[in-house]
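Let me begin by presenting the structure, written as structure tokens, before commenting on it.
What follows draws every value from the coordinates through simple rules; no lab data is involved. Since the model is a prediction, treat every value here as computed from it, not as a measurement. Reconstructed Cβ throughout: ideal geometry from the backbone, glycine too, with neighbour counts over all protein chains shown.
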Amino acid sequence: MSDDHEKVLRAAWDSFCDELKRAGEIPFRDPVPRHVAARAAGIEALARNISLALNFNHDYADPRYPELIHYFDPVRKQGGDNTDAVYVGATINGTDTYRISGDRGTARYFAITSVQRGQTPWGGKVAQTLFDHDLKVEPDGRFELIVSPEPHPGNWLRTTPETFRVTFRQFFADWETERPMKARIDRLTGDMSPPAPIAPEKLAAQLLASAKWVNESIEFWVRMINMWKVMPNTFRSYKQLSDRAIDATPGGEPMVAYWSLPKDESLIIRVRPPVCPYWAVEFGNFWWMSMDYRYRLSNTNCHYAQLEDDGELIVVVAHEDPGLPNWLDTSGFSEGYVTYRWMLAQSCPEPQATQVKTAELFKHLPARIKRITPDGRREQLATRRRGVINRFGNL
């Protein structure tokens, strides 16, 4: 290797590390909470998202050689990831034709989007969305989808010159029985030669882009949560607060609220869910990362939630177990977000939140509210672990 190449590679690594070092200041700046759990989680978010940044900008960045990859899992997450979800996608372009084929799986909610470049680290407008009911799937679960700028017979997802990614969202209601999709993507047009060994200059650019993506994406979500922080316990959608296009989940605008709880207080959230194929309640920290859903009660949904006899959903956010089935465990954090999703629903009821002293919690709840026993709680948690393994396999 020539001295020039050595200089390029050394400089590439230095720039990568320097940019990550700058990102390391984010968890210590305002408006990040001065709480040890929040600061530690910020560093954790930066570290865990390095791998995702490298996936996007280096490992799977070339649309000529696409692969379907998992964006998030129980440890790598950001952007208000849905606790019920498997997010899968691939880097593509808007000029080639691609075929995606395999087993659709049985996730309760299933949607595919072709995403265009935009103003956020995750892109902007969506070129097209296909829902489960738009797809022809064989009785045994097999499907084939063409992704291209030109129409095709059968299942077809449209791309545009600005398209750079295709994303699959699978939301699981029953974690233990619903199966995730197993599929592959193939490019059908253009030069089919294998990828060349990477040049140092290209590697340098990709490493720097990866480090910048970590910096920009984490900082983006800090700015985002501040839009909700000014009105705590009030549920609003992203579109109500911003006119910037974002690749949000199609078919139901998430209703988000910011919460902040002292150790001696709890939050009661009440709503009557609408009739829809899938709905969920998600819960996370200041960094828009879901709580550890393997071992904590960090969500509920249309399958697991226990409704009151009159159809009302009562969720309680608390630092300690209140003995209620729909408990959201703060997991050591003092503030964060809570999200309600009503997918493909005819209405969008707004949850109502009331913050109370924990010592007086049951004064604010129906006298006959449903309870859960310690054995029931243990089984609730065991079900989550089994469900995560069913969804993601051996981690």
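Things to note:
- Residue-averaged 222 nm ellipticity for the chain, from DSSP H runs of 4+ at -39500 (n - 2.57), nearest 500: -8000 deg cm²/dmol
- Residue by residue, the stretch 261-268 carries 3J(HN,Hα) couplings of 10, x, 4, 9, 10, 10, 10, 9 Hz when phi is fed to the Karplus relation 6.51 cos²θ - 1.76 cosθ + 1.60 (θ = phi - 60°); x denotes Gly or Pro.
- Between the stretch 334-364 and the stretch 56-96, the alpha-carbon centres lie 31 Å apart.
- Once backbone amide H atoms are built at 1.01 Å from N, D81 has S290 as its partners under 5 Å, excluding neighbours fewer than 5 places away on the same chain.
- For the stretch 222-392, the number of Lys pairs with C-alpha atoms closer than 29 Å, counting only pairs eight or more positions apart or on separate chains, is 8.
- With neighbours defined as other Cβ atoms within 10 Å of a residue's Cβ, the residues T383, T373 order from fewest to most as T373, T383.
- Remark on the chain: ratio of C-alpha radius of gyration to 2.2 N^0.38 Å is 1.04.
- Residues F286, F110 arranged by fewest to most Cβ contacts within 10 Å: F110, F286
- Value of relative contact order over the stretch 222-392, rounded to a whole percent, pairs C-alpha under 8 Å and six or more apart: 30
- The peptide list 80-90, 273-283, put in order of mean Cβ contacts within 10 Å with the highest first, becomes 80-90, 273-283.
- Cβ-to-Cβ counts within 10 Å put H35, H319, H5 in ascending order as H5, H35, H319, the fewest first.
- Size descriptor for the stretch 222-392, Kirkwood hydrodynamic radius: 16.6 Å (Cα pairs only, one decimal).
- For K182, a cut-off of 19 angstrom between C-alpha atoms picks up these lysines, skipping any fewer than 8 places away in its own chain: K136.
- Acute angle (nearest 10 degrees) that the helix 36-54 long axis makes with the longest principal axis of the chain, alpha-carbon atoms: 30
- Using a Förster distance of 45 Å, the FRET efficiency for A359-Q119 (Cβ separation, nearest 0.05): 0.45
- Across the stretch 131-140, computed HN-Hα scalar couplings (Karplus, 6.51 cos²θ - 1.76 cosθ + 1.60, θ = phi - 60°) run 9, 3, 6, 7, 9, 8, 10, 5, x, 8 Hz from first to last residue, x flagging Gly and Pro.
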